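Asker: Encoded as structure tokens, here's the structure I'll be asking about.
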Amino acid sequence: MDIKRRELLTGISVAGAGVLINACRSNTQTRTGGATNDENKNDAPAPGEAEPIEVTATEDLMREHGILRRALLVYQESAVRLRQDPASVPPDALEKTANLFRVFGEEYHEKKLEETFIFPAVKKTANAATAYVDILLAQHVRGREITDYLLSISQADKIASNSIEPLAKALESFVRMYEHHAAIEDTVVFPAWKAAVGGNELDALGEKFEEIEHEQFGSDGFETALKRMEEIEQSLGLSNLDMFTAPAPSAVK
Ligand SMILES: [Fe+2]
Ligand SMILES: [Fe+2]
């Protein structure tokens, strides 16, 4: 995809991320709570500023899943709305979500972290997670096919009427696959990876992940993606968590 167009749609450009992230502490600082370079050596919080929160490499991977789950929520709600009132789903919002999934989920979280570091390390050791790796890789490939489809179909100003049901089905099947995918990674694969690499290497890999994130986004990709996701949710009227509180069983008819 054309880089300028992608940046415009996702908001995750080097320049854009830089502006946002200059105000944020780096992940390395928050992971370790300590200095990582000369400029951070006197790193005590300013008066009134919160203490940095320690975020480990595995927590980082899991909070990336949090961003991706918020994109899945947009997909799920869009599938419901498409069937009820197709005009209530602006293709633009779907395109922004698919682009965020591509840049942050597929090109960074999946390719640069899981496929480069996590899966090879898990595959080398015989444990309960090993058997999942090939399936997870196949699901990455399928996910990218579905993202390609979502990007192609959402480029129009209006979704063609004969595309509505296939689009709703593609969104639902993607959500179903990726919810299970991320749940297995969170509960089986990441813990197995953590056990396989051990404490010292885990800290070093946390630093490495930080470097990759900076290479990819120019600064803190998580904060940028979170902000972008919040904007998409707001544009679709999905930013009020309370609207998802389930009704009492007695109220369900
Ligand atoms: Fe994955
Ligand atoms: Fe993942």
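The values are calculated or read from the model by the stated rules, or taken from the named source; none is laboratory data. Keep in mind it's a predicted model, so treat the numbers as computed, not measured. Positions of Cβ are generated from backbone atoms using ideal geometry, with glycine treated the same way; all protein chains shown enter the neighbour counts. Just the protein is used for accessible areas: all its heavy atoms, side chains included, with ligands, DNA and RNA removed. Shrake-Rupley method; radii C 1.70, N 1.55, O 1.52, S 1.80 Å.
Asker: Sticking with the crude label model, points 7 Å out along Cα→Cβ, report the distance from Glu59 to Asn162 in nm, one decimal please.
Answerer: Each label point is offset 7 Å from its Cα along the Cβ direction, giving 5.3 nm.
Asker: Also, I was wondering about something else. Based on the Cβ-Cβ distance of Glu172 and Ala204, what FRET efficiency does E = 1/(1 + (r/R0)^6) give at R0 = 30 Å, to the nearest 0.05?
Answerer: Rounded to the nearest 0.05, the efficiency is 0.15.
Asker: Net charge within 14 Å of Gln76 by Cβ-Cβ distance, Lys/Arg positive one each and Asp/Glu negative one each, not counting Gln76 itself?
Answerer: That works out to +2.
Asker: What nm distance separates the two modelled labels at Ile212 and Glu107, each placed 7 Å from Cα along Cα→Cβ?
Answerer: Once both label points are built, they end up 1.5 nm from each other.
Asker: Sticking with this structure for a sec: Taking 19 Å as the cut-off for C-alpha to C-alpha distance, list the pairs among Lys111/Lys208; Lys158/Lys227; Lys111/Lys169; Lys112/Lys208 that go past it.
Answerer: Lys158/Lys227; Lys111/Lys169
Asker: Considering only C-alpha atoms, what is the centroid distance from the range 210-253 to the range 91-163, in Å?
Answerer: 18
Asker: Can you give me the accessible area per residue for the range 136-253, using a 1.4 Å probe, in Å²?
Answerer: The answer is 54 Å² per residue.
Asker: Once fully extended, how much extra length lies between Ala183 and Val141, figured as 0.36 nm per residue of separation less the alpha-carbon to alpha-carbon distance?
Answerer: Residue separation times 0.36 nm, minus the Cα-Cα distance, leaves 13.3 nm.
Asker: Report D for the range 156-253 in µm² per second (integer): Stokes-Einstein, Kirkwood Rh on Cα pairs, 10 °C, 1.306 mPa s.
Answerer: This corresponds to a translational diffusion coefficient of 88 µm²/s.
Asker: So which trypsin sites (Lys or Arg not before Pro) in the range 124-189 are both in a DSSP loop and have at most 16 other Cβ atoms within 10 Å of their Cβ?
Answerer: Lys158
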